[in-house]
Structures are given as C-alpha cells and as structure tokens.
Amino acid sequence: MNDSETGSLPLLELRDVTKQFPLSEGPILRRQVGQVHAVNGVGFALYPGENFGLVGESGCGKSTLARIILRLLPPTSGQIWFAGQNITTLQGANLRAMRRHLQLIFQDAHGSLNPRMRVGAIIEEPLKLFRMGAPSARRKRVDELLEIVGLSAIHRQRHPADLSGGERQRVGIARALAVNPKLIVCDEPVSSLDVSIQAQIITLLKELQGQFGLTYLFISHDLSVVKHICHRVAVMYLGRIVELGTTEQIFAAPCHPYTEALLSAIPLPDPQAERQRQRILLTGEPPDPATLPSGCHFHPRCQIARPRCSEAYPASVAVEDGHHAHCFFAAPFPTMRE
C-alpha cells in the first residue's frame, strides 16, 4: 500500500530521523567520551489504513524509534510529520492534543497496567486525561470497549493480576482505543503470549482495523507474525533501515543478505522442506552501536561481503517499484552468489 493506492497523503512521515545517546565517564565531573547511535537517518511514510511492519534483532533501534514517533524521546535530528503537521518540536498543549491521536500497545501487558487499579479505571484513565465525556458517559464507553476487545463487564472490577496474559493484552488494546486514535504503535504486542493466544490477538487487531479504520505501526522481531498482518515491511539493522518493500516483495525476494538471514530462521510448516532447506547462520554478535563499523554496518557478519562494503555505506537501490535495499549487490539479488 502506498500513496498511489490509497490516494491520500501520508499519515506519518519520518525524514532522516537520528537519535544519539551520549556516553559519559567519571565519578563526579562526568565528561562525554562518545555516543550511542541508536537510530541513523531513518525515513519512511505510513499511509492511512496501512499496517507497516518494523522488524529486526533486539537492540536494532525499533523501540527507540517508536518512542521518538510518540514524542516520548526527542530526536537528535530529522523531522516527524503527522497528519500533515511537523510535530518534531511540539510542546505543551499542542503536544498533548496531538498525543490523543497516537497511542501505544506495549509488549509487556502485565508491566504496562497499574496493578493497584481495576480494569475499568485503567481503560477510563485516558478518557479522564483528555477530558472526554461526563463520568456516566465514560463508564458506558468502558463497557463498550470491553465488549469490543472480547471481554465482558465482569472484568471491569478485576485487577490485572486476576487476568490471563491474553486478557491483559486485550485491556491494553481497549485502553489504546479509548480516545479514538488515528495511529496505534504496536510494540511487540504478542511476543510474550502463547502461540494460540498470539493468533487471537492478531485476529482481533485485524478486526479492529476494519471496524475503526485504524493505522498500525507494528514492531516485531518475529517475521512470521508480521507476514500475517502487515502491508509493507521495513527491516532495521543497527539503527538503519536496510530494506523496505511490500510484505510480498520482502518474503518472496529479499534483496539484502540480512533480510534473507532473518527469513531463513522462520520455521516451515512442512517438516520435509524444513529439513532440506539451508539456513543462513550469522557469525558473531551485532557490533557495538557506540563504535559502528565503517562502510556497510552489516559487512562484518555478511557472507557475501566484498572490500568495497567496508569502504562506503551503500546508497538505496530501487530493486522494483516500492522495493528498496541498501546493498551494493541488491539488484539483482541472485548475482551475489555468482
């Protein structure tokens, strides 16, 4: 899905967003000795009604980027545009008003819910914060939201500790829906759940999107989950997007060796095919983001790296319409093995 398909302007657009965290040392008079490059020049557009997947290993910068989008962290440089407005430097009442349209579903459904509050109060809290409705209207809205996410009014009086993992995540989804947002950032929303419960939550998110016209930014390290819910996918490595395309393009013809390695780790349902296929095992650990490798950051772990890969960072290559990769050998991908 892109602008030509939706006929609309981007709901969210990132322009060369960078985030660096200072590294300091010293017991009292601390001095900066370096910086962690958490996000490096990230740019993409997200369109209304789209599910956009952001995938990569733990520590690649996905969650940091999510918090920058939500303005929970300020970017070091770059711009964030939402609904045609530059929200990069919004403050005070303007920032508060904008946040109503941007909500978050957390990875840890248990840790994100106040254990001292009852479910009804948890879901009602954003309605109070944004002063939406009288108390009676808010209580009615809470009951509606409980029903929408597959719970009942009985759950209103329960505490998070009384709920199962799936039920807690449904409460988190209801809380995110309460203020009628335009965009919901789903930060690993099913990674802590059993596989059967994961399927239920994914189905629920799809149903809610159709019902309310939601747009999702879906962050995950599990590509098999992303495949079932996302229209487009961006693959991150060490703070950079190394490949971006439609879900079909990414899964059928990956054009970056890191993407291919991630896909090769997805178990196949056919046992015979699983035994016969060749997995790509990456050597070593991801480099320290405080001391990034020269050139292409992936080259120390890449099986097809050439001398040029350590000399310069590759520009984006348009493999096909809507499909881009930062790799010297991205077009066409099969020639890398010749």
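The values are calculated or read from the model by the stated rules, or taken from the named source; none is laboratory data. On a predicted model such as this, the values are computed, not experimentally measured, just so you know. Backbone-built Cβ (ideal geometry, glycine too); neighbour counts: all protein chains shown.
Just one of Leu205, Leu238, Leu244, Leu177 is buried (at least 19 other Cβ atoms within 10 Å of the Cβ), farther than 27 Å from Leu9 by Cα and touching a Phe, Trp or Tyr at 6+ places or on another chain (Cβ under 8 Å); which is it? Walk me through it before giving the result.
Details: Leu205 fails: farther than 27 Å from Leu9 by Cα; Leu244 fails: farther than 27 Å from Leu9 by Cα; Leu177 fails: farther than 27 Å from Leu9 by Cα.
Every option except Leu238 fails the conditions.
Taking only pairs six or more apart or across chains, which ones have beta-carbon atoms under 6 Å, a first residue in the range 242-254 that is touching a residue at least 12 places away in the same chain (Cβ under 8 Å) and closer than 17 Å to Phe298 by Cβ, and a second residue that is part of a helix (DSSP H, G or I) and among the polar types (S, T, N, Q)?
These pairs meet every condition: Glu243/Thr259.
Taking Phe333 as the residue in question, decide whether it is surrounded by 16 or more Cβ atoms within 10 Å (Cβ to Cβ), modelled with pLDDT under 90 and in contact with a Cys (Cβ under 7 Å, 6 or more places away or on another chain). Show your work before the answer.
Values: surrounded by 16 or more Cβ atoms within 10 Å (Cβ to Cβ): yes; modelled with pLDDT under 90: yes; in contact with a Cys (Cβ under 7 Å, 6 or more places away or on another chain): yes.
In short, yes.
Is there any pair linking a residue in the range 287-315 that is at positive phi to one that is among the aliphatic types (A, V, I, L, M), with Cβ under 7 Å and at least six apart or on different chains, and which?
Within 7 Å, the pairs are Gly295/Ala312.
Inspect all residues belonging to the range 65-72 and state whether any of them is in a helix (DSSP H, G or I) and touching an Asp or Glu at 6+ places or on another chain (Cβ under 6 Å).
Keep residues of the range 65-72 that are in a helix (DSSP H, G or I), which gives 65-69.
Filter once more, so that each one left must be touching an Asp or Glu at 6+ places or on another chain (Cβ under 6 Å): 66.
Scanning the range 65-72 turns up at least one residue that is in a helix (DSSP H, G or I) and touching an Asp or Glu at 6+ places or on another chain (Cβ under 6 Å).
Out of all the residues in the range 185-221, which are touching a Leu at 6+ places or on another chain (Cβ under 8 Å) and β-branched (Val, Ile, Thr)?
Answer for the range 185-221, where residues must be touching a Leu at 6+ places or on another chain (Cβ under 8 Å) and β-branched (Val, Ile, Thr): Val185, Ile201, Thr215, Ile219.
Hand me the list of strands (runs of 3 or more DSSP E) wholly inside the range 188-265 holding 2 or more residues that are among the small types (Gly, Ala, Ser) and in contact with an Asp or Glu (Cβ under 7 Å, 6 or more places away or on another chain).
On the way: elements: 215-220, 232-237, 240-246.
Passing ranges: none, list empty.
Restricting attention to the range 176-186, does a residue exist that is more than 22 Å from Glu50 (Cβ to Cβ), touching a Ser or Thr at 6+ places or on another chain (Cβ under 8 Å) and touching a residue at least 40 places away in the same chain (Cβ under 8 Å)?
Within the range 176-186, not a single residue is more than 22 Å from Glu50 (Cβ to Cβ), touching a Ser or Thr at 6+ places or on another chain (Cβ under 8 Å) and touching a residue at least 40 places away in the same chain (Cβ under 8 Å).
What residue, among those in the range 19-30 that are surrounded by fewer than 17 Cβ atoms within 10 Å (Cβ to Cβ) and assigned to a strand (DSSP E or B), is nearest to the chain's Cα centre (by Cα)? It would help to see each step written out before you state the result.
Here is the first cut: in the range 19-30, the residues surrounded by fewer than 17 Cβ atoms within 10 Å (Cβ to Cβ) are 21-30.
Subset that is assigned to a strand (DSSP E or B): 21-25.
Working: Phe21: 20, Pro22: 24, Leu23: 26, Ser24: 29, Glu25: 32 Å.
For the range 19-30, the residue satisfying everything is Phe21.
Rundown of residues vs (1) surrounded by 14 or more Cβ atoms within 10 Å (Cβ to Cβ); (2) within 13 Å of the chain's Cα centre (by Cα); (3) not in a strand (DSSP E or B); (4) not charged (D, E, K, R), yes/no style:
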site	(1), (2), (3), (4)
Ser8	no, no, yes, yes
Glu13	yes, no, no, no
Gln32	no, no, no, yes
Ala38	yes, no, no, yes
Phe44	yes, yes, no, yes
Ser63	yes, yes, yes, yes
Gly78	yes, no, no, yes
Leu90	yes, no, yes, yes
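What are the residues in the range 275-310 that are more than 23 Å from Gln35 (Cβ to Cβ) and in a loop (DSSP other than H, G, I, E, B), if any? Give the steps one after another, and end with the answer.
Taking the range 275-310 first, the residues more than 23 Å from Gln35 (Cβ to Cβ) are 275-283, 302-309.
Scanning the range 275-310 gives Arg277, Gln278, Arg279, Ile280, Leu281, Leu282, Thr283, Cys302, Gln303, Ile304, Ala305, Arg306.
Give me the pairs, please: first residue somewhere in the range 85-103 and farther than 14 Å from Leu129 by Cα, second residue anywhere and polar (S, T, N, Q) and surrounded by fewer than 17 Cβ atoms within 10 Å (Cβ to Cβ), beta-carbon distance under 8 Å, and either six or more positions apart or on two chains.
Hits for this filter: Asn86/Gln79; Thr88/Gln79.
Looking at (1) within 29 Å of Ser191 (Cα to Cα); (2) modelled with pLDDT under 90; (3) of a type in the set (Ser, Thr, Tyr); (4) out of contact with any His (no Cβ under 9 Å at 6 or more places or on another chain), can you tell me which one Ser58 breaks?
(4)
Can you work out which of the residues in the range 108-148 that are among the small types (Gly, Ala, Ser) and assigned to a loop (DSSP other than H, G, I, E, B) is surrounded by the most Cβ atoms within 10 Å (Cβ to Cβ)?
First, pick out the residues of the range 108-148 that are among the small types (Gly, Ala, Ser): 109, 111-112, 120-121, 133-134, 136-137.
Checking the rest, the ones that are also assigned to a loop (DSSP other than H, G, I, E, B) come to 109, 111-112, 133-134.
Details: Ala109: 25, Gly111: 12, Ser112: 18, Gly133: 14, Ala134: 8.
Selected residue: Ala109.
Can you tell me which residue among Arg158, Arg170 is without any contact (Cβ under 8 Å) to a residue 60 or more places away in the chain, crowded, with 23+ Cβ neighbours inside 10 Å and not aliphatic (A, V, I, L, M)?
On the way: Arg158 fails: crowded, with 23+ Cβ neighbours inside 10 Å.
None of the others qualify; the one that does is Arg170.
Consider the range 274-326. How many of its residues are of a type in the set (S, T, N, Q), surrounded by 13 or more Cβ atoms within 10 Å (Cβ to Cβ) and either more than 24 Å from Val42 (Cα to Cα) or modelled with pLDDT under 85 (or both)?
Going residue by residue through the range 274-326, those that are of a type in the set (S, T, N, Q) are 276, 278, 283, 291, 294, 303, 310, 316.
Okay, now just the ones that are also surrounded by 13 or more Cβ atoms within 10 Å (Cβ to Cβ), so 303, 310, 316.
Checking the rest, the ones that are also either more than 24 Å from Val42 (Cα to Cα) or modelled with pLDDT under 85 (or both) come to 303.
Residues that pass the stated criteria total 1.
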